[in-house]
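Report on one structure; see the data block that follows.
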Amino acid sequence: LKKKAKHYEEIALSANKAAVLGAGIMGGGIAYQSAYKNVPILMKDINQEGIDLGLNEAAKLLIKRVDRKRMEPAAMAEVLNRIIPTLSYGDFKTVDVVVEAVVENIDVKKKVLAEVEGQIKPEAVLTTNTSTISINKLAEAVKRPEKFCGMHFFNPVHMMPLVEVIKGEQTSEETVATVVAYAKAIGKTPIVVNDCPGFLVNRILFPYFGAFSMLLRDGADFAQVDKVMERFGWPMGPAYLMDVVGLDTGLHAEGVMAEGFPDRMKREFKTALDVLYEAKRYGQKTNAGFYQYK
Ligand code: NAD
């Protein structure tokens with residue numbers, strides 16, 4: 001492993017300036033993390049409201065740090081200045097790494113990836129934060145698939161240390177090395193994985209959620225299961241975690257996994273997730289999921 005890390009260090013291109021497409025939950029978080037760790041980042045969205053949301057989220061996290069005396073107010077302004085909001089591709093020629101974090105829709109992503117590829121320098125690396133779409137399928141939209149791979153952050157970005165760097169069939173070693181270097185520069189722990197439904201983390205998480213659903217079906221109480229898993233030592237139980245992720249996102253990802261692994265992820269009955277989803281209880285984003293938030 002050490003040998004591999006050294007090899008990556010030697011072949012990585014520079015990752016001194018980044019760009020993120022989409023200023024939503026993930027894009028805003030990625031912009032904050034990059035700026036906080038001294039890598040300036042352009043943050044592009046399609047409308048000003050999106051940008052304002054992303055900037056507000058970053059500002060909120062920074063204000064918390066200042067309030068807790070973990071940061072000087074002047075440093076806060078410096079971090080915010082490293083997030084460069086934009087509605088156009090104007091400065092994209094100056095960036096080394098792009099993270100696409102627009103909505104989880106293959107057609108929108110393909111269109112955006114093709115568009116941005118035409119705006120960046122040929123040696124720049126293009127990545128996608130997709131949770132479920134095949135990297136090889138998305139690579140069909142670009143002209144330089146060797147410069148393209150997955151860069152899968154977890155929510156909330158500033159708290160979750162892991163990043164999956166997903167290699168497509170045509171991704172070059174140099175591209176992987178550059179994304180690994182960028183992930184490390186912004187304080188994350190990258191792991192390099194191949195392209196398959198669920199990549200690595202969701203292949204572990206979703207069978208766990210499946211086991212949780214079966215427990216509920218057998219009559220268990222979700223809050224008790226959460227307490228047990230917390231006592232077991234995990235930071236949160238499955239019901240609370242699903243509320244954080246979003247039940248809509250969770251069900252979508254589960255569908256993709258079930259399609260990818262039909263023999264292992266068979267779904268034979270309706271679960272509590274379906275019932276909550278039908279009631280539009282999507283989790284914290286709607287203030288109600290397994291738990292009630294307001
Ligand atoms: P979101 O809906 O919060 O944000 C998406 C943003 O993209 C919006 O601000 C929207 O205005 C913007 N957008 C749409 N089209 C655009 C375009 N053409 N150019 C620029 N911006 C555009 O979504 P999110 O939850 O941040 O998810 C973004 C991506 O990250 C998805 O692929 C999702 O699967 C992935 N992801 C999400 C999570 C999560 O927990 N939310 C975790 C890991 C990965």
Where residues in the stretch 3-31 are in a loop (DSSP other than H, G, I, E, B) and farther than 12 Å from TYR182 by Cα, which of them is farthest from the ligand (Cβ to nearest atom)?
-> ALA23
Residue pairs meeting the criteria (Cβ under 6 Å; at least 6 apart or on separate chains; first farther than 16 Å from VAL95 by Cα and aliphatic (A, V, I, L, M), in the stretch 1-30; second crowded, with 18+ Cβ neighbours inside 10 Å and at pLDDT below 95) = ALA23/GLY50; ALA23/GLY54
Scan the stretch 43-54 and give yes if some residue there is more than 16 Å from the ligand (Cβ to nearest atom) and surrounded by fewer than 18 Cβ atoms within 10 Å (Cβ to Cβ), otherwise no.
-> no
Within the stretch 107-162, residues being in a helix (DSSP H, G or I) and either of a type in the set (S, T, N, Q) or more than 8 Å from the ligand (Cβ to nearest atom) (or both) number 14
Considering each residue of the stretch 141-162, count those that are in contact with a Lys or Arg (Cβ under 7 Å, 6 or more places away or on another chain) and under 19 Å from HIS7 (Cα atoms), and give that number.
-> 1
Count, please, the residues in the stretch 159-211 that happen to be closer than 22 Å to GLY28 by Cβ and without any contact (Cβ under 8 Å) to a residue 12 or more places away in the chain.
-> 3
Restrict the check to the stretch 273-285 and report whether at least one residue is more than 18 Å from the chain's Cα centre (by Cα), in a helix (DSSP H, G or I) and touching a residue at least 60 places away in the same chain (Cβ under 8 Å).
-> yes
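Those residues that are more than 13 Å from THR127 (Cα to Cα) and touching a Leu at 6+ places or on another chain (Cβ under 9 Å), I need them from the stretch 144-155; list them, please.
PHE154
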Is the stretch 228-237 home to any residue that is among the acidic types (Asp, Glu) and crowded, with 19+ Cβ neighbours inside 10 Å?
-> no
Would it be correct to say that VAL79 is modelled with pLDDT of 95 or more, away from the ligand (no atom under 12 Å from the Cβ) and in the same structural domain as SER134 (by TED's automatic domain parsing)?
-> yes
Inside the stretch 82-106, can you point out the residues that are within 12 Å of the ligand (Cβ to nearest atom) and charged (D, E, K, R)?
-> GLU100, GLU104
Residues in the stretch 233-272 that are among the hydrophobic types (A, V, I, L, M, F, W, C), assigned to a helix (DSSP H, G or I) and closer than 20 Å to PHE154 by Cβ: how many?
-> 10
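The values are calculated or read from the model by the stated rules, or taken from the named source; none is laboratory data. What you see is a predicted model, and the numbers here were worked out from it, not measured in a lab. Using ideal geometry, Cβ is built from the backbone for each residue, glycine included, and neighbour counts are taken over all protein chains shown.
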